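Peer 1: Please read through the structure below; I'll follow up with questions.
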Amino acid sequence: MNPGRDQWTIGRAVLPLGVLLCLVLGATLLSVRLWPTATGPSRYVRIGAVPVGRPPVPAVPPIRSGPDAATGSYGSYGEDCGRNEQGHRNADNMVISPGNVGGAHHVHDYVGNLSTDALSTDASLVAAGTTCVGGDRSTYFWPVLRRTDRSPAPDTNEGEHGNTGEILTAESVTVEYVGNAWSQVVPMPRFLRLLEGDPTAATDGGADGHAEWGCSGHPGRTTDRYPLCPPGSLLTRSFDFPSCWDGRSTDAPGHRAQAVFPAASGACPHDTFPIPRLRVTAGYRPPPGEEFALDAFPEQQHSPATDHALFVDVMTDRQMEAVVACLNQGRTCGDGR
């Protein structure tokens, strides 16, 4: 027996096995980080453990005066568009997949325009009804949130593409436009399309991900994970849309270049124009424990980081002018105000 040779032989056999185990372990850890299960502990966080002061992403500019600002603060214009009591839902996306029925591969909730689906056009949106009490026919939509410990309603398209569970109807939805702290705003062009957030954030690095989850009664605590809220608190999802328009387009390839986000100061990039900044917040009565998850593309595995929303402006010129005047005068106004 040659101990040295035998030890070398054993070592040579063990080394590839060790490398293989490391590769398998590394791939497993990577898959857990990118595609954890919908009920994995990394997906959820108690709201009390979320640090205070995490800025929304993108950061909302502070109230300050700029060279063109009229008042040194910006106004707000609120709309009452309901909370989708009508159950207007489908797996379409007229912005990203126009004409492709079921092209979203997950179900969307809608408020505002009552007709929105894959086949919608500018003309069909103008002709439709709306849930907004002031007559705004714009469409506002985002993926549904589901209670995963209950079955979906029968005879619906719910549950497609691995998205299963009872769809939760929001307890509240707020639609608000705010001004620009640095400058006067100009009207949005009619039929402007806006995308907020990144539906593929779990697999593409998340550079465009702006998920903002929280709990009512806990200001300053926002997270890109599913928050676990205490009794009496609503689980919230907030969507802050881009508000610096290129001055030309109502849409663009990728659906982002036509409007971008301002700097932290509130100033818009060169050759863009500040428009009313849309913020939508949906609040839900949270299910017990970790029994809820977001609809998403199958490969995104219900990641909370993929939360997103879309918008098509269908306001009349007169309605948009009222919004702009309110914001530039630093007033608080809107439906019923």
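Values in this text are rule-based calculations from the coordinates and carry no lab data. The model shown is predicted, which means the values in this text are computed figures rather than measured ones. Glycine also receives a Cβ, built like all others from the backbone with ideal geometry; neighbour counts cover every protein chain displayed.
Peer 1: Residues in region 298-337 near a label at residue 186, defined as backbone nitrogen under 19 Å from the 7 Å Cα→Cβ point?
Peer 2: Correct set: 313-329.
Peer 1: Here is a further query. If amide hydrogens are placed 1.01 Å from N in the peptide plane, which non-local residues have theirs closer than 5 Å to the one on residue 228?
Peer 2: The list, which skips near neighbours in sequence, is 45, 46, 47.
Peer 1: Considering only the other residues whose Cβ falls under 13 Å of the Cβ of residue 232, what net charge follows from Lys and Arg at +1 and Asp and Glu at -1? Don't skip to the end; give the middle numbers.
Peer 2: On the way: positive: 285; negative: 171.
Computed value for this residue: 0.
Peer 1: Separate question: Tell me, in nm to one decimal, what length is gained between residue 316 and residue 127 on full extension, where the rule is 0.36 nm per residue of separation less the Cα-Cα distance? Show your work: numbers first, answer last.
Peer 2: Details: separation 189, 0.36 × 189 = 68.04 nm, distance 1.21 nm.
Difference between extended and current length: 66.8 nm.
Peer 1: What length, rounded to one decimal in nm, is gained on full extension from residue 114 through to residue 333, with 0.36 nm per residue of separation minus their alpha-carbon distance? Spell out each step's value before the answer.
Peer 2: On the way: separation 219, 0.36 × 219 = 78.84 nm, distance 2.42 nm.
Between residue 114 and residue 333, full extension yields 76.4 nm more.
Peer 1: Under 5 Å between amide H atoms, partner at least 5 residues away or on a different chain: which partners does residue 90 have, H built in plane at 1.01 Å?
Peer 2: Those lying under 5 Å, H to H, from residue 90 are 108.
Peer 1: In Å, the Kirkwood hydrodynamic radius of region 45-334 over pairs of distinct alpha carbons? All intermediate terms of the calculation are to be shown ahead of the outcome.
Peer 2: Values: mean 1/r = 0.0519 Å⁻¹.
Computed over region 45-334, the radius equals 19.3 Å.
Peer 1: Could you list which residues have their amide H under 5 Å from that of residue 163, counting only those 5 or more apart in sequence or on another chain, with H placed in the peptide plane?
Peer 2: none
Peer 1: Continuing with this model, one more query. Given the C-alpha centroids of region 74-95 and region 159-191, what is the distance between them in whole angstrom?
Peer 2: 6
Peer 1: Okay, moving on. Net charge around residue 272, counting only other residues with Cβ within less than 12 Å of its Cβ (Lys, Arg = +1; Asp, Glu = -1)? Before the final figure, lay out the partial values.
Peer 2: Numbers: positive: 248; negative: 246, 271.
Local charge sum for residue 272: -1.
Peer 1: What number comes out for the charge environment of residue 292, summing +1 per Lys or Arg and -1 per Asp or Glu over other residues with Cβ under 9 Å away? Spell out each step's value before the answer.
Peer 2: Details: positive: 146, 147; negative: 149, 290, 291.
Surrounding charge for residue 292 is -1.
Peer 1: Still on this structure, please answer the following. Using the Karplus equation 6.51 cos²θ - 1.76 cosθ + 1.60 (θ = phi - 60°), what ³J(HN,Hα) coupling, rounded to whole Hz, does each residue of region 301-316 give in order, writing x for Gly and Pro?
Peer 2: 6, 6, 4, x, 5, 8, 4, 7, 8, 9, 8, 10, 7, 10, 4, 6
Peer 1: Are there trypsin sites (Lys or Arg not before Pro) in region 207-287 that DSSP marks as loop and that have at most 12 other Cβ atoms within 10 Å, and which are they? Before the final figure, lay out the partial values.
Peer 2: Values: sites: 221, 225, 237, 248, 256, 277, 279; in loops: 221, 225, 248, 256.
When the trypsin sites (Lys or Arg not before Pro) of region 207-287 are filtered for loop state and at most 12 Cβ neighbours within 10 Å, 248 remain.
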